[in-house]
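The values are calculated or read from the model by the stated rules, or taken from the named source; none is laboratory data. What you are looking at is a predicted structure, and each value in this text was computed from that prediction instead of being measured. Side chains are part of the model used for accessible areas, which takes the heavy atoms of the whole protein and leaves out ligands, DNA and RNA. Shrake-Rupley method; radii C 1.70, N 1.55, O 1.52, S 1.80 Å.
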Amino acid sequence: MRVPSTEVQNNFGKYLKFVEVNEEIIVTKNGRDIARILPCDDPNKSLLAEEAVDYETHEGRVTYEEFLELVEASDQRFELIDGVIYNLASPSYEHQYAVREIFGTFYNWFKQKKCIPLTSPFDVTLFKAQDNICVVQPDIIIICDQDNMDKKGKYKGVPTLVVEVLSRSTRSKDLLKKLELYRQCGVKEYWMVDPKNKLVNVYVFDQNEISDIIAFQKGAHEYVDSVCFNGLKVALTDLFL
């Protein structure tokens, strides 16, 4: 991110926040690059891992507007959940293999149907509360409310079905924070795909509460079946390496 020196002087605290999510700040003066603000080296922290940065603002957490400013000025990928910014790491082969298999099935099944499947990177803006706007990039979503896409192609609706494939860096976030986010915001069905254990847990929500949890284990089941979309299923033998 390139920022004029006067802007840095007036808003130094804000740009330190951006540095905390591994965003390099290049300070410019009269059109020339004159300085860099970089994260401190930490041998115990991998820049390839997905990190949550829980920093404070004058209101306690990062605002939606501050998040948009960071995203627009950066070439990195971020999520915003409950005022906390998450820097998204590159996914593993195992992760992408599972995403490919699920999306391929979804793509074929939803042809000529009202709802459409999409894959990350694609922002989903969810309104958890009036003062708590969250932005996430689920691995796969099924959208049935395309009228909630604005003129800029930004989606501010609620997916009917969300798929998240767990990885080492995202596991706790997907298991806890995103489960709660999707439940509260009106998602109907959440597939939590666990390549490590060759398991898919399907959470079914009704009136913002968990009405059912169905586990599909490779070896014990042949398919993962959707609850919201009758007939939609993914073969477990194809899903995991």
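Enclosing the Cα atoms of region 171-230 in their convex hull gives a volume equal to 72 cubic angstrom per residue.
Counting only protein heavy atoms and a 1.4 Å probe, region 91-241 has 51 square angstrom of accessible area per residue.
Solvent-accessible area of region 126-171 (1.4 angstrom probe, protein heavy atoms only): carbon and sulfur portion equals 47 percent. Going down the list K128/K178; K128/K196; K154/K196; K114/K178; K128/K198; K114/K151, which pairs span over 23 Å between their C-alpha atoms? Violating the 23 Å limit, Cα to Cα: K128/K196; K154/K196; K114/K178; K128/K198.
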